[in-house]
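What follows is a single structure, written as structure tokens, with notes after it.
The values are calculated or read from the model by the stated rules, or taken from the named source; none is laboratory data. Because the structure is predicted, anything quoted here is derived from the model rather than measured. We place every Cβ from the backbone using ideal geometry, glycine too, and count neighbours over all the protein chains shown.
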Amino acid sequence: MDPVVVHAEVAGNGQGTLDVAWDLVGGGTVEIAVGPTPETIDHDHPVARVEGAARVTLDDLGPGRHYVSVAPAGGGSAVVAAERLVLLEGAANFRDLGGYRTADGGRTRWGLVFRSDALHRLTTADLAVVGQLGLRVVYDLRRDAEIERAPSTLPDDVRRELFTIGSSTAAAQTKEITELILDHEFGPIDDDFLVEIYRSMAETAAPTFGRLLTALTDPDGLPALFHCMAGKDRTGMTAALLLSVLGVDETTVLDDYELSADYYTEQQMERLRPKFAAAGVDVEQYRGLFGAPRHAMAALLATLHEEYGSVERYLLERAEVAPEVIAELRSRLVQPAA
């Protein structure tokens with residue numbers, strides 16, 4: 001059988017060095033090529049040829065984001081990969097939703113849909129990195145008050161659209177939960193706090209989720225980014241719905257959701273710790289609020305399966321997504337198996 005690359009992973013330091021690893025069935029030599037977007041990978045000029053190993057370090061690629069192609073040297077399908085996290089100074093949870101396996105053997109396409117926390121702290125260097133992504137539109141899930149306090153900083157050529165998803169906590173409509181906690185107006189939470197929040201949003205915001213997913217199929221709807229403040233709750237639900245309907249298995253969907261705990265939660269907890277301590281509040285009592293507990297998203301998906309039969313049926317029936325939209329999402333966002 002001809003050699004086949006079945007998997008590739010990329011990790012880097014944001015300074016032009018990438019560690020690339022792959023699984024090759026059938027043995028032989030692989031060629032490594034790079035580019036700033038999946039469509040501009042220079043396959044004609046590989047940066048490395050590797051035989052007898054399953055990883056390589058690429059140096060001096062320059063700053064910015066790099067997509068990597070790993071392919072058998074003698075010909076055959078390439079597997080494209082990149083760092084999932086887009087390293088930025090002013091946003092901690094900016095991620096690419098590409099590279100996830102789907103039930104039909106395909107993979108979600110890299111470089112087309114990103115998810116993030118708020119964008120109001122992006123630096124000049126960050127804007128240069130974001131500019132390389134080729135984004136056409138940013139879908140902002142925040143409320144008006146959040147946007148007013150933290151207006152997004154974006155490249156000039158990126159369009160912003162609002163798909164407001166409100167909190168189910170009435171008091172938080174006018175006063176942020178963090179402020180309520182510091183003012184001793186919001187007590188310690190239990191492990192099921194986000195479970196109920198997610199279930200409530202799935203019902204009350206279903207049409208908004210539906211409109212957002214539909215917008216991704218617009219002629220100029222990609223490449224796109226959707227985000228809220230932390231990039232884990234409203235954004236996490238959107239990502240979970242999208243990945244699920246694309247055919248990504250539930251374990252992987254939950255793994256993606258939990259990445260927010262790695263990239264956002266600890267950083268946020270440490271940032272808030274002194275402020276909470278000064279107010280006489282133990283920040284650890286609110287880890288479930290600032291975290292991404294796997295069971296919360298798992299409970300939401302279980303509810304959707306119980307009440308609708310599947311995430312797809314939820315989107316069709318409750319979120320009012322047209323069947324042709326789901327077909328178009330899969331066509332645009334899934335790279336078929338070779």
Filter segment 255-273 for residues that are within 18 Å of the chain's Cα centre (by Cα) and among the hydrophobic types (A, V, I, L, M, F, W, C); the one that is modelled with the highest pLDDT is 259
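I'm checking my understanding of the structure. Among residues of segment 194-251 that are among the charged types (D, E, K, R) and buried (at least 21 other Cβ atoms within 10 Å of the Cβ), which one is nearest to residue 321 (Cα to Cα)?
Initially, segment 194-251 is screened for residues among the charged types (D, E, K, R), giving 196, 199, 203, 211, 218, 220, 232-234, 249-250.
Next, only the ones that are buried (at least 21 other Cβ atoms within 10 Å of the Cβ) stay: 232-234.
Values: 232: 23, 233: 21, 234: 18 Å.
Looking at residues that are among the charged types (D, E, K, R) and buried (at least 21 other Cβ atoms within 10 Å of the Cβ), I get 234.
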All-but-one check, residue 128 against (1) within 21 Å of residue 14 (Cα to Cα); (2) at pLDDT below 95; (3) of a type in the set (A, V, I, L, M, F, W, C); (4) touching a strand residue (DSSP E or B) at 6+ places or on another chain (Cβ under 8 Å), failing number (4)
Of the candidates 215, 230, 261, the one satisfying the condition of being over 23 Å from residue 166 (Cβ atoms) and either of a type in the set (Gly, Ala, Ser) or in contact with a helix residue (DSSP H, G or I) (Cβ under 6 Å, 6 or more places away or on another chain) (or both) is 261
Scanning segment 176-211 residue by residue, the ones that are modelled with pLDDT under 85, part of a helix (DSSP H, G or I) and either of a type outside the set (A, V, I, L, M) or outside the structural domain of residue 238 (by TED's automatic domain parsing) (or both) total 2
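In the list 53, 91, which residue meets the criterion of being modelled with pLDDT of 90 or more, of a type in the set (A, V, I, L, M, F, W, C) and loosely packed, with under 12 Cβ neighbours inside 10 Å?
53
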Across segment 16-30, the tally of residues that are closer than 29 Å to residue 128 by Cβ and surrounded by fewer than 20 Cβ atoms within 10 Å (Cβ to Cβ) stands at 4
By residue number, the members of segment 310-332 that are surrounded by fewer than 17 Cβ atoms within 10 Å (Cβ to Cβ) and more than 24 Å from residue 105 (Cβ to Cβ) are 317, 320, 322
Exception for residue 323 within (1) touching a residue at least 60 places away in the same chain (Cβ under 8 Å); (2) at negative phi falls at (1)
Note: among 84, 55, just one is charged (D, E, K, R), within 26 Å of the chain's Cα centre (by Cα) and closer than 28 Å to residue 225 by Cβ, namely 84
Residue pairs qualifying under the 9 Å Cβ cut-off, at least six apart or on distinct chains, with the first in segment 87-100 being among the polar types (S, T, N, Q) and the second being assigned to a loop (DSSP other than H, G, I, E, B), are 93/117; 93/230; 93/231; 93/232
Filter segment 87-111 for residues that are small (Gly, Ala, Ser) and more than 13 Å from the chain's Cα centre (by Cα); the one that is nearest to residue 122 (Cα to Cα) is 90
Here the residues within segment 290-338 that are under 15 Å from residue 203 (Cα atoms) and either modelled with pLDDT under 95 or among the basic types (Lys, Arg) (or both) are 313, 318
The condition of being surrounded by 14 or more Cβ atoms within 10 Å (Cβ to Cβ), touching a residue at least 40 places away in the same chain (Cβ under 8 Å) and either closer than 22 Å to residue 338 by Cβ or out of contact with any helix residue (DSSP H, G or I) (no Cβ under 9 Å at 6 or more places or on another chain) (or both) holds, among 134, 111, only for 111
